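The next block holds one structure in the form of structure tokens; read it before the comments.
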């Protein structure tokens, strides 16, 4: 059992961590390329950068936003996120592991603070899960992923906290530790492929939205041409969209072609 | 705000269309749609979607939104439609997920693989019907954008959803018919006002002002090389005589050169509401008229969507960053007043006055303080609505829905419910709404909800307060 734990926080961790970094790098790169492409395609290069910065900052540090709307939910959510980011990065045990592995590390936060943050995160996570499962609105919005993620994210917290505080038999300790390490590895691998990618993508959302509103010139006409309706835009009175006007080129398998070919006529005559 | 009762719900969502039309078009929506090909709709929707993604910048946003959307439902507090109906299907995030799920299923590798593995047949006709209903329940006011921690712009998703739907023939008849007149009709504007009628109206306005003020206020026509080309919402020429007289009086007081072009005099652009192709064509009409008359700037009248579509899409489709500046008449008037070129009589309006921010000009933080400064200069009793400015609540007729007359019960009971409460709470006798769409919607709103408040434009009031030298 112990060797499995060692494997999980040694080689497997290295693989999971690298996959996470590579995955994050990939989506950031794709988004960056998308932004540049979209920006260059448009003639309108006027972007209100000040507003973009303000919006971004106000969501990264939601101090002013907290109390304006849904104060309870906002507070719980911010606590949850603060714990999720701070505890794994700065708990004393993790910092120690880093130092052992690569020879350097950063200062840890006091154990007492880490404990408080862990408990708050667990409580907040449970609260958020309840808030999702109970009201009809959020139930309607939620798929399996929405229930799966809080549970998976809280698993390393619950196990890690128990391991460092409860008096456990060595076997129970090892089992919990196994769960702790492997669930955390799983989280890291899944981050770039799931909605948790927002941990790196959210800060550039405002830029993406601002650029996406920059429409490239001529796009509407090219769309119509691609669909085979260059001469039949949507505002024409005898619309292309009534059956009789569908041009043969636009619909590969039209129910009733606009210009019946001789072959078809022969078929329909009898 | 209390959600609507079941009885009100029945009235607001009653379908004005005949059952046979719904069956024929296979589209249970409340707005009228011109007949279109209903065969094989999902495939054609996906074709249109693919073509749009190929040629536009939407893919960037969709890719991003699909990745980050956390489904937190925080946007529900911002949506006046959801607040009124209490229906989870009206939460902005749910509305966007209708289109985002199609994108994920058919245009991402993971979605296609997953569809193959699970044998998911993909987009169904029911989903298209749901989108057609949902995207026109939204007023595209973009208030939810400010509540999304992930920065998902549900207004953009609604805009795209409507665009793709319009390419397969699903668009409100009211909007399509107006656009048809504007782009290929004889009169070339959405209200089908011919040039002689326009000239008559303007001559009549000049005459009335001569009588009322004793001042000659001309409306210059086709002045080559003028500073400003003036484009109000064309309906103003028929419905908002007071606003136009105010506009004319301001220019008479400042003495700047401006002109109305007989080649094109309509600011309205319904493309912003349902089709990028229309949006571009209409903006290009403005460009052609500006070129013809060699004007230096483009001045849009009191109209929210006209201002936004010109300000943000004129550079995009016509001249780029260094082209003609586009400004709104309120900016112009405010600047003239600041420079001391326009003198206003204080305390002209004694009754309580409040101001409604049109979404299209206030949400980007563009025009917020200018009309307020002007109103405070002429009103003895100016009261503010809450919330206001960038966080204002939509009148309930945004996104082109105000032009769809058959959904009036929905607009005044659901979409405008929050606004009606807001206006009542101020106790104002005048509500200033500097937007043709907002004015029409708010008038219907106060009428249907029995609120004692008169809806006016900003220049209607300024007209009474201008001091001529």
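Bear in mind these aren't lab numbers, they're just calculated from the coordinates by the rules spelled out. Since the structure is predicted, the reported quantities are computational estimates derived from the model, not experimental observations. Here Cβ is always computed from backbone atoms with ideal geometry, including for glycine, and neighbour counts include all displayed protein chains.
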### Gap separating the Cα centres of segment A:1-15 and segment A:199-224, nearest whole Å
43 Å
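For segment B:6-171, calculate the relative contact order in percent as a whole number, restricting contacts to Cα pairs under 8 Å that are 6 or more residues apart.
Numbers: 155 pairs, mean separation 49.2, N = 166.
Worked out over segment B:6-171, it gives 30 percent.
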### Over segment B:225-278 - Rg/Rh using Cα atoms and the Kirkwood inverse-distance radius
1.05
#### Entry: Reduced Cα scattering model of chain A, Debye log10 I(q)/I(0), q = 0.08, 0.09, 0.11 Å⁻¹
-0.56, -0.66, -0.84
### Task
Round to the nearest 0.05 the FRET efficiency obtained for residue B:297 and residue A:85 when R0 = 45 Å and r is the Cβ-Cβ distance.
0.35
### Query
Once the Cα atoms of the protein assembly as shown are picked out, what are the Rg and Dmax in Å?
28.9, 99
### Summary
Mean-square fluctuation maximum in Gaussian network of chain A, Cα pairs under 10 Å, restricted to A:32, A:105, A:230, hits A:230
### Task
Starting from the Cα coordinates of segment B:342-434, work out the convex hull volume and express it per residue in Å³.
102 Å³
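For chain A, what does the relative contact order come out to in percent, with C-alpha contacts under 8 Å and a separation of six or more?
Working: 202 pairs, mean separation 70.5, N = 270.
Relative contact order for chain A comes out at 26 percent.
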### Query
Label points 7 Å out from Cα along the Cβ direction at residue B:452 and residue B:101: separation in nm?
4.9 nm
### segment B:395-433-segment A:80-137 distance, computed between alpha-carbon centres (Å)
47 Å
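Quick check on chain B: helices-only [θ] at 222 nm, where DSSP H runs of length 4 and up contribute -39,500 (n - 2.57) each and the sum goes over total residues. Nearest 500, please.
On the way: 22 runs with 234 residues, N = 469.
Taking each H run of at least 4 residues, the total per residue is -15000 deg cm²/dmol.
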### Query
Taking chain A as a Gaussian network, Cα atoms linked when under 10 Å apart, which of A:107, A:237, A:62 shows the biggest mean-square fluctuation?
A:237
#### Entry: Relative contact order of chain B, defined on C-alpha pairs under 8 angstrom at six or more residues apart (%)
16 percent
#### Entry: Potential extension, residue A:30-residue A:6 segment - 0.36 nm per residue separation minus Cα distance
5.1 nm
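Which value results for Rg/Rh of segment B:106-208 when Rg is the Cα radius of gyration and Rh the Kirkwood radius based on the inverse mean 1/r?
Over the Cα atoms of segment B:106-208, Rg/Rh equals 1.21.
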### Task
Run the quick spin-label model on residue A:37 and residue A:165: label points 7 Å from Cα toward the beta carbon, then report their separation in nm to one decimal.
4.9 nm
### Query
In nm, to one decimal, how far is the residue A:101 label point from the residue B:116 one, both placed 7 Å along Cα→Cβ?
3.5 nm
## Note on the structure
log10 I(q)/I(0) for chain B, Debye formula on C-alpha points only (no solvent), q = 0.06, 0.08, 0.09 Å⁻¹, two decimals, reads -0.27, -0.48, -0.61
### Query
In whole Å, what is the distance between the alpha-carbon centres of segment A:146-192 and segment B:264-306?
59 Å
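Only helical DSSP H runs with n ≥ 4 go in: add -39500 (n - 2.57) per run for chain A, normalise by residue count and round the 222 nm mean residue ellipticity to 500 deg cm²/dmol.
On the way: 13 runs with 181 residues, N = 270.
My calculation for chain A gives -21500 deg cm²/dmol from helical runs alone.
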### Task
Normalise the Debye intensity by I(0) for segment A:5-127, one equal point scatterer per Cα, no solvent, then take log10 at q = 0.12, 0.16, 0.21, 0.22 Å⁻¹ and round to two decimals.
-0.76, -1.08, -1.20, -1.22
### Task
Kindly express, to the nearest 10 degrees and within the range 0 to 90, the angle between helix A:144-165's C-alpha long axis and the longest C-alpha principal axis of chain A.
10 degrees
### Query
Against the longest alpha carbon principal axis of chain B, how many degrees, from 0 to 90 and to the nearest 10, is the axis of helix B:276-293 turned?
20 degrees
#### Entry: Estimated FRET transfer efficiency (residue A:126, residue B:389; beta-carbon r; R0 41 Å; 0.05)
0.60
#### Entry: Dimensions in Å of segment B:197-356 - Rg and Dmax from alpha carbons
16.0, 47
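Could you give the C-alpha radius of gyration of segment B:37-137 expressed as a fraction of 2.2 N^0.38 Å, taking N as the number of residues it contains? Spell out each step's value before the answer.
Details: Rg = 14.6 Å, N = 101, 2.2 N^0.38 = 12.7 Å.
Scaled against compact globular proteins, the figure is 1.15.
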### Cα long-axis angle, helix B:125-135 against chain B (0 to 90 degrees, to the nearest 10)
20 degrees
